[in-house]
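Beneath this line is the structure, given in structure tokens, with notes to follow.
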Amino acid sequence: MSAQLDNQAISILKENDLGGYTIPTKGLYPYQWNWDSAFVALGFATFNMDRAWEEIELLFEGQWDDGMVPHIIFRKDDPSYFPGPSVWGTTNPKIPTSGHSQPPVAATVVRRLFEQDTSEAGIEKIKTLFPKLLAWHRWYHTYRDPEGYGVIAIMHPWESGRDNLPDWDNAASHVDISEIGEYTRKDTSHVNPEMRPKKIDYDRYLAIVKFGRDNNWDPKIVADQCPFFVADPGNTFILLRADRDLLAMAEALGETDAAEELKGWIALTEKGVAKLWNEEKQAFCTYDLRNDVLGDGISSASFLAPYAGIREEKYINPTRKHFDRIAAKVNYTMPSYDPDHPLFESMRYWRGPVWGIINYLIATGFADMGDTARAERLRTDTVALIEKSDFAEYFDPITGEGAGGNSFSWTSAIWLTWATPSLTAKAA
């Protein structure tokens, strides 16, 4: 079965390849998404390294002059998707894009490609990509941590990549939706509406987009005035890991000035994560910077501290305990939200389902600190979910049923680069 699924995963990546960039799935997501492409590159690297590099290179074609890499690159106007380029109203001269970013996993992926491809061509790829990655990280530290707290904020739930997480609800409730007007969603025509964000969520999403558009997506105005500005453990931990990986590349390339800049960001974030620690909950939670409210929800991002290189026992021991508590409540780890929380929904987008990519990130962190048992639990659960429900976008942590889009690119990529039992067989 492993070999059959390996071949199926490769076929999905090839079928979703639109000529150098890969869409997440046909119909539901017809464009190039930022962190999707990064994970997809890992999948391609298992059988076509040149194509892996190309995925990253085309992603950075959409980079803005200020360094930001957008969360969507609109390479064509597809009427099957809303909100499309006309709604975003961005003015990037290179190619139409959305107006904000997404979790910056690219540097971590590029380092891995660099370690796999030590050819002269691979080194040249790194030399070209390094300044672009550095500019993006600088943009994040400048405009998503304007006060220098050492934590990374998001200006829109979509910027987190975990769109309708319950932790955004309270902060988003302060967003004025009175000028939104009528609109027609397209996502609910592709999948069951019970699996998607509710209308009130979309009203708030579009109101924040309107704020960005009205202010020409100026990142300083966004940092100062956006009605939604929430420090996110997910983006904070992912950027901290990416900073460490970019530092390793800086040192390999002899980029001494960049290395010092990266060391400064790393040191600041290592201290800053304390701002996200909820002592009562004994977990990393969100922090609403506009309303000065520390969240109390435990999401899958709460378990990314080891991935980021956070090793203090005062954080790691409680994190392990929460992992074990939640693992005992579900049949498949790791649900995107705490099943003991009243807002948990096992099948609604990011309010409970399991995502293979997040399992991969959490497992990588556990494995890095020698916690092979928990890392393997995540991997074997991911295998079981894919074997049961194919390469779905996400999965019910109780029943294992697949949900969202089908033939999903990043699920296929994570299978090839991490989950497949074929890797274990090769290692043996």
Can you work out the Karplus-derived ³J(HN,Hα) for every residue in region 129-134? Use 6.51 cos²θ - 1.76 cosθ + 1.60 with θ = phi - 60°, whole Hz, and x for glycine or proline. 7, 4, x, 6, 5, 4
Please compute the net charge surrounding Trp53, taking Lys and Arg as +1 and Asp and Glu as -1 over other residues with Cβ under 15 Å from its Cβ. -4
Using just the helices of the chain, give the 222 nm mean residue ellipticity in deg cm²/dmol: DSSP H runs with n ≥ 4 each add -39,500 (n - 2.57), and the total is spread over all residues, rounded to 500. -15000 deg cm²/dmol
Cα-based Rg and Dmax for region 1-56, where Dmax is the largest Cα-Cα distance (Å): 10.9, 31
Result for region 167-212: accessible area per residue, probe 1.4 angstrom, in square angstrom, of 50
Along principal axes, Cα extents of region 219-301, largest first, whole Å: 42, 33, 19
Under the Kirkwood approximation applied to all pairs of distinct alpha-carbon atoms, what is the hydrodynamic radius of region 45-98 in Å? 12.3
Under 17 Å Cα-Cα from Lys76, which lysines qualify once same-chain neighbours fewer than 8 residues away are excluded? Lys26, Lys94, Lys186
For region 290-428, just list the percent of Cα-Cα distances falling in each 10 Å bin from zero outward, please. 13, 43, 34, 10, 1, 0
Full-stretch length increase - Arg138, Gln8 - with 0.36 nm per residue and alpha-carbon distance subtracted: 42.9 nm
Cα convex hull volume per residue for region 254-352 (Å³): 145
Carbon-plus-sulfur fraction of the accessible area of region 1-110, 1.4 Å probe, in percent? 50
Per 5 Å bin from zero, what fraction in whole % of the C-alpha pairs of region 16-158 is there, up to the bin with the longest pair? 2, 10, 20, 22, 20, 14, 9, 4, 1
Enumerate the amide H contacts of Ile154 below 5 Å, restricted to partners 5 or more residues apart or on another chain; note that Pro and chain-start residues carry no placed amide H. Val230, Ala231, Asp232
With the other protein chains left in place, how much accessible area per residue, in square angstrom, belongs to region 273-379 at a 1.4 angstrom probe? 36
More than 36 Å apart - percent of Cα-Cα pairs taken over the chain: 18
Kirkwood-Stokes translational diffusion coefficient of region 100-188, alpha-carbon pairs, 20 °C, 1.002 mPa s, µm²/s: 132
Between beta-carbons, use under 12 Å as the cut-off and find the net charge around Ser409, counting Lys and Arg +1, Asp and Glu -1. -3
Quotient of Cα radius of gyration and Kirkwood radius for region 196-253, i.e. Rg/Rh, equals 1.17
Could you order the peptides 117-125, 40-48, 95-103 from most to least packed, using the average number of other C-beta atoms within 10 Å per residue? 95-103, 40-48, 117-125
When region 135-236 is reduced to its Cα atoms, the Kirkwood hydrodynamic radius in Å: 14.5
Taking θ as phi - 60°, what are the ³J(HN,Hα) couplings along region 321-331 by the Karplus curve (6.51, -1.76, 1.60), each to the nearest whole Hz, with x for Gly and Pro? 5, 5, 4, 5, 4, 5, 4, 6, 8, 10, 8
List, largest first, the extents of the alpha carbons of region 347-428 along their principal axes, each in whole Å. 34, 23, 19
Once amide hydrogens are built 1.01 Å from N within the peptide plane, the residues lying 5 or more places from Thr97 or on another chain with amide H under 5 Å from its amide H are Phe74, Thr90, Asn92
Which lysines have a Cα lying under 22 Å from the Cα of Lys263, excluding residues fewer than 8 positions away in the same chain? Lys127, Lys132, Lys271, Lys275
Taking K and R as +1 and D and E as -1, what net charge do the other residues with C-beta under 14 Å from the C-beta of Gly254 add up to? -3
Column: log10 I(q)/I(0), Debye, Cα scatterers of region 131-180, q = 0.21, 0.26 Å⁻¹: -0.87, -1.03
Could you work out the mean projected area of the convex hull around the alpha carbons of region 169-210, in square nanometres to one decimal? 3.2
Residue-wise HN-Hα coupling along region 68-74, computed from phi with Karplus coefficients 6.51, -1.76, 1.60 (Hz; x: Gly, Pro): 5, 9, x, 7, 9, 10, 8
Given H placed on each backbone N at 1.01 Å, which residues far from Tyr337 in sequence or on other chains put an amide H within less than 5 Å of it? Ser300, Gly352
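The values are calculated or read from the model by the stated rules, or taken from the named source; none is laboratory data. Owing to the predicted nature of the structure, the values given are computational and were not obtained by experimental measurement. Please note: Cβ atoms are built from the backbone with ideal geometry, for glycine as well, and neighbour counts cover all protein chains shown. These area figures cover heavy atoms from the full protein model, side chains too; ligands, DNA and RNA do not enter into them. Shrake-Rupley method; radii C 1.70, N 1.55, O 1.52, S 1.80 Å.
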